[in-house]
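Presented below is the structure to which this report refers.
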Amino acid sequence: MPKTLGPWLQHSNTTVYENPWLRLEHHEVTTPGQTPGIYGKVCFNTTAVGVVPIDREGNTWLVGQYRYPLESYSWEIPEGGCPLGQNPEDTARRELAEETGLRCTGLHPLLRLHTSNSCTDEVADIYVATGLTAGEAEPEDTEQLEVRKLPLDAAIAMAMSGDITDSMSVAALLKLQVLLHRNGNHVSAALAALAGQ
């Protein structure tokens, strides 16, 4: 039975590959232009979660790692995957601790975004972590991480210059730049505005 999806008509939906993290679907469709077509869709079993830690002095932490799909090194905010149906805030706290060793007492929603909406249904929830205390990092076996502490302004400059290309990191840092600009470049005022939005 065909399924109407906005201006699209889906005739079939076949899983062509699946693993514990994602599923690749092949769809036979009628396009919005009323022509026959196909669509590939990547469905994730997790919500992407990111967290920007900010201390009282206005510093943040970035995580560097080699990204296998890109075949290159990447600087990013701490990130991970939250199994569907679980609490993304719990995952944000866990990923922050695992990747940087930091624990936080405050966690503030910053933004929600779709990471690549032309081919995947992945959703990302990104937070700002405050009230930080240091601890031991415990990265997963699949991660070889380098952690860098730097001023938030310097991380924003890396996003602006293209030294950070990860979409979640760029979006989070540039939203923080806007919040800082609106609040006289005072980190505490920007965080207060974030909590009140």
- Residue order, fewest to most surrounding Cβ atoms within 10 angstrom, among Ile164, Ile38: Ile38, Ile164
- Message: Cβ neighbours within 10 Å, averaged per peptide: list 81-92, 24-35 in order, most packed at the top.
- Response: 81-92, 24-35
- Item | Under 23 Å from the Cα of Lys175 - lysines, other chains or at least 8 residues apart | Lys149
- Task: Kindly provide log₁₀ I(q)/I(0) values, in the same order as q = 0.18, 0.23, 0.24 Å⁻¹, from the Debye equation applied to equal alpha-carbon scatterers of region 109-174.
- Result: -0.95, -1.25, -1.25
- Just for the chain, what percent of DSSP beta bridges are antiparallel, to the closest 5? 85
- Query: Asp166: net charge of surrounding residues, Cβ under 12 Å, Lys/Arg +1, Asp/Glu -1, itself excluded?
  - Reply: -2
- About the Cα centre of the chain, how large is the charge dipole given +1 on each Lys and Arg Cβ and -1 on each Asp and Glu Cβ? Please answer in debye to the nearest 20. 760
- Message: Tell me the angle of helix 167-182 to the major Cα principal axis of the chain, expressed in degrees between 0 and 90 and rounded to the nearest ten.
- Response: 50
- Message: If you fit an axis through the alpha-carbon atoms of helix 88-100 and take the longest principal axis of the Cα set of the chain, what angle between them do you get, 0 to 90°, nearest 10?
- Response: 60
- Message: Going Cα to Cα from Lys41, which lysines come in below 25 Å? Please leave out same-chain ones fewer than 8 positions away.
- Response: Lys3
- Note on the structure: Rounded to the nearest 10 degrees, the helix 152-161 long axis (Cα) sits at an angle to the longest Cα principal axis of the chain of 40
- Message: Restricting to Cα pairs below 8 Å that are 6+ residues apart, what does the relative contact order work out to for the chain? Please round to a whole percent.
- Response: 19
- Query: Based on the mean of other beta carbon atoms within 10 Å per residue, what is the order of 39-49, 68-78, most packed first?
  - Reply: 39-49, 68-78
- What is the distance in Å between the Cα centres of region 51-72 and region 88-129? 12
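Only the coordinates and a few stated rules stand behind these numbers; no lab work does. This is a predicted model, so every value here is computed, not measured. FYI the Cβ positions are ideal-geometry reconstructions off the backbone, even for glycines, and counts take in every protein chain you see.
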